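Below: the structure, in structure tokens.
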Amino acid sequence: MLRRGLEPSGQIWYATTGMSRWGTALKVVGMGWYIGICIVLGVWGGLWLDNKLNTKPILVIVGLILGIIIAFYGVYRMILPNISNKRSKGKS
């Protein structure tokens, strides 16, 4: 369903109801999967390199830290357009 409204400045805005909640929920679930996959791949890569180079705990920890950094940077990049859209709507 499409809702229509009028801002005080005279601009017309449209908002979808119903499906936008599902879209938001799916984006959040996707971000969760992204975080989990990044961390698991970092740990798996660290384990694999530790077994090859015989440096048991060091590269697992490095892989975990890299996985966490990559995951949160990716989530930041995913959220950034939503934050800038809300700021620009608030200013106009």
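Things to note:
- Cβ-derived FRET efficiency at R0 35 Å, M78 paired with N54, nearest 0.05: 0.40
- Here the Kirkwood formula, the inverse mean of 1/r across different C-alpha pairs, assigns the range 26-91 a hydrodynamic radius of 13.2 Å.
- Lys, Arg +1 and Asp, Glu -1 on Cβ, resulting dipole of the range 26-91 about Cα centre, debye, nearest 20: 500 debye
Values in this text are rule-based calculations from the coordinates and carry no lab data. These numbers come from a predicted model, not from an experiment. Cβ coordinates were reconstructed from backbone atoms using ideal geometry, including for glycine residues, and neighbour counts include every protein chain displayed.
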